[in-house]
Every structure is written in structure tokens, then in C-alpha cells.
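Engineer: One structure, pasted below without further comment.
What follows draws every value from the coordinates through simple rules; no lab data is involved. Treat the numbers as computed from the prediction; the structure is a model and nothing was measured. Positions of Cβ are backbone-derived with ideal geometry, glycine not excepted, and every protein chain shown enters the neighbour counts.
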Amino acid sequence: MSDLVPSEGVYDGIPDNEYHADKGSLSSSGARKLLPPSCPAIFRWEQDNPPAPKDEYDMGHAVHTMVLGVGAPVVRIDVDSWTTKAAREQRDAARADGNVPLKASDYDTAVAMANSIRRHPVAAALFQDGVAEQSLYWRDPDTGVMLRCRPDWLPPNRTGRLLVVDLKTSTSANPDKFAKSCAEYGYHQQAAWYLDGIAALQLADDAAFLFVVQSKTPPFEVTVNELDHESLLLGRRLNRHAIDVYAECVESGVWPGYGHEVNRITLPAWAHYQSEEILSV
């Protein structure tokens, strides 16, 4: 059972901080944190010691709020930087009130990014009709672990083809570069996790997961991307492993780290190639 909700289902209006603080269920980001290059000990530590908000995440949060229409309010603070004490005090006061503080130039950038998404014919259509940030809870049949996810956007029509939409801000919206980001950050696991949750709750008989990806630099290009079947299968296998690891840790009360043995390591292949090129000159 989740600490936050009593049973499986779709929930509206759960505050963002409460959703992310729920220790009684496992999210996609939590599942990824259980696996290498992280480990269960780090997952458990971050559960008990949530990281403080970081300025570098504020832009993404702001664009989400402006596009989705939900989330922490975005506050424009008329400063050029956070270097002065007065500016930092304004920023910290805004955070304390539950807002997302942005410097004036960053706020203007976030507005321009949101407008760019609204001008993109496919992305704009995907966000035209739907519900933002509903919380989905379902139980894993193999372990009994309660799982959760929070899609950025779900259309209200729950029959036929259901398009689950996730908004990502990135250094580049180039599809090939975003594919590398999927591998690096486990977005293939996220997509499979969300699709499996929708299937478990029988919200649709056919669903697809689409990433709306936007570059964080002008002209704020936008692409819409869908992972192929093989990538989703790989993500699903990793998710299965993460759920099993989580269930074992919960049952035993042991959250292992990287171990105590001496590890024999080797340089990555690219380092060998690079060194050989230097030596061959």
C-alpha cells in the first residue's frame, strides 16, 4: 500500500511535493535510481534526504507549468543574476512560498520556449485536449509492490489509441541526440513504465508514449519522438529487474551499496583508442 493513496487508480490533485515524497510506492525515476550506475543505498538515502531545489532545473519546471497549465507558479524576479544577497533572498523567499523563481532573462526565455511549442503543429495538437499530471497507482502482480507514475499529459478519451505525452527540455531536440539522452537517463524505462501502468489500470486498449522534446537555446526547436519496440522491451526488462530489487530490499531492510571488495577496473575503449593515437604520432 502507498503511504499516500489507499488503492489502485487514477488520482487528481495530489500536490507535487506529496507525490514525490511518497515512500510507499515506487516511481519510474526511483526504479532507475535502484540500478547501475546508481545503487539501492543511494536510492534509500535520497528517499530519506530529498535533494534541495537546483537553479538548473527551474527552466524545465517553468516551461512545464506554462505549457501544461499546472505546477508550481513561475515568478519573474527582476534581477540579472543571483550573485547579490538581495537577489538570493528574493529567490529563496519565492521557493519558500512554493514558487519557481526565474531571473528576468530566464523568465523571458521560458515564455519564448512555451510559445515555440504552441506554434509547433504536432506538439500543439498533442497538448490541445487533455489532463495534466494525473497520478496513476497500480500494484505489481509478481511482488505486490505499489507502483506509480505521473504522465505530463493524458487525453480525456480513454478508448482506442491513447497518446501519452511527455515534455522534455534538452540541450538539443535533434532526434539522434535525444536517442542518446534516452539511453543515458533511462527514458526507455520511463516510457515502458508509464505504458505498463496504463495497461494495468485498463485505461486504454492501445497506447503510445510520445516525447515532445525542446531545445533550451534559440530558436527553441521542437521535435516529437517515439521509441521503437525493441527499446521499450529493453526498458521493460530493466524495470522488471528494478521492481524485484526494490521488493527484496523492502523485505530484507537491506539497501546495498557498491560493495566492500576491491574492484579491478579498466579504461573505457575510447580512452585506449585516444591514447594509441597520441602514441602513434
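Engineer: Take the Cα atoms of the chain, build their convex hull, and give its volume per residue in Å³.
Structural biologist: Numbers: hull volume 53.4 nm³, N = 281.
Spread over its residues, the Cα hull of the chain gives 190 Å³ apiece.
Engineer: Still on this structure: With unit charges on the beta carbons (Lys and Arg positive, Asp and Glu negative) and the dipole taken about the Cα centre of the range 179-269, which residue among Val262, Gly197, Leu227 sits farthest to the positive side?
Structural biologist: Going by the Cα projections, it comes out as Val262.
Engineer: Mind checking which of Asn17, Asn115, Asn174 has the largest fluctuation in a GNM of the chain, springs on alpha carbons under 10 Å?
Structural biologist: In this elastic network of the chain, the residue with the biggest mean-square fluctuation among Asn17, Asn115, Asn174 is Asn17.
Engineer: Using amide H atoms built in the peptide plane, which far-off residues or other-chain residues are under 5 Å from Leu163 H to H?
Structural biologist: The list, which skips near neighbours in sequence, is Ala208.
Engineer: Taking the chain as a Gaussian network, where each spring joins two C-alpha atoms under 10 Å apart, which residue of Thr143, Thr223, Thr266 fluctuates the most?
Structural biologist: Of Thr143, Thr223, Thr266, the most mobile in the Gaussian network model is Thr266.
Engineer: So the label point goes 7 Å from the Cα of Asn263 along Cα→C-beta, right? Which residues of the range 24-59 then have their backbone N under 14 Å from it?
Structural biologist: 35-42
Engineer: Could you tell me, in Å, what Rg and Dmax come out for the Cα atoms of the range 10-52?
Structural biologist: 11.3, 33
Engineer: Given a Förster distance of 30 Å, report the FRET efficiency between Ala112 and Val10 from their Cβ-Cβ distance, rounded to the nearest 0.05.
Structural biologist: Working: r = 33 Å, r/R0 = 1.11.
Efficiency at R0 = 30 Å is approximately 0.35.
Engineer: Here is a follow-up. Normalised by the residues of the range 1-159, what does the relative contact order come to in percent, with Cα pairs under 8 Å and at least six apart? Please report the intermediate quantities before stating the final value.
Structural biologist: Values: 196 pairs, mean separation 43.8, N = 159.
The normalised contact order for the range 1-159 reaches 28 percent.
Engineer: Enumerate the lysines that Lys54 could reach by cross-link, defined here as Cα to Cα under 21 Å, with residues fewer than 8 away along the same chain left out.
Structural biologist: The reachable lysines, counting only those whose Cα sits under 21 Å from Lys54, are Lys33, Lys85, Lys103, Lys168, Lys216.
Engineer: Can you give the % of DSSP beta bridges in the chain that are antiparallel, to the nearest 5? Don't skip to the end; give the middle numbers.
Structural biologist: On the way: 14 of 29 bridges.
Antiparallel bridges: around 50 percent, rounded to the nearest 5.
Engineer: Through the Karplus equation 6.51 cos²θ - 1.76 cosθ + 1.60, θ set to phi - 60°, convert the phi angles of the range 219-224 into ³J(HN,Hα) values in whole Hz; use x for Gly and Pro.
Structural biologist: Taking θ as phi minus 60°, the curve returns x, 6, 4, 10, 10, 10 Hz for the range 219-224.
Engineer: Magnitude of the Cβ-charge dipole of the chain, K/R +1 and D/E -1, about the Cα centre, nearest 20 debye? Don't jump to the answer; show the numbers that get you there.
Structural biologist: Values: 26 positive and 39 negative charges, 57 e Å.
Here the chain has a charge dipole of around 280 debye.
Engineer: Hey, another quick one. For Arg119 and His20, compute 0.36 nm times the residue count separating them, minus their Cα-Cα distance, and round to one decimal in nm. Could the numbers behind the result be given before it?
Structural biologist: Values: separation 99, 0.36 × 99 = 35.64 nm, distance 3.15 nm.
Extending this stretch completely gives an extra 32.5 nm.
Engineer: Using a simple spin-label model with points 7 Å from Cα along the Cα→Cβ vector, what separation in nm is obtained for Val281 and Ala52?
Structural biologist: Going from the Val281 label point to the Ala52 one covers 4.3 nm.
Engineer: Okay, moving on. Rounded to whole Hz and in sequence order, give me ³J(HN,Hα) for the range 241-258 from the Karplus expression 6.51 cos²θ - 1.76 cosθ + 1.60, θ = phi - 60°, writing x for Gly and Pro.
Structural biologist: Along the range 241-258, the couplings run 5, 5, 4, 5, 4, 4, 4, 5, 5, 4, 5, 8, x, 10, 10, x, x, 8 Hz.
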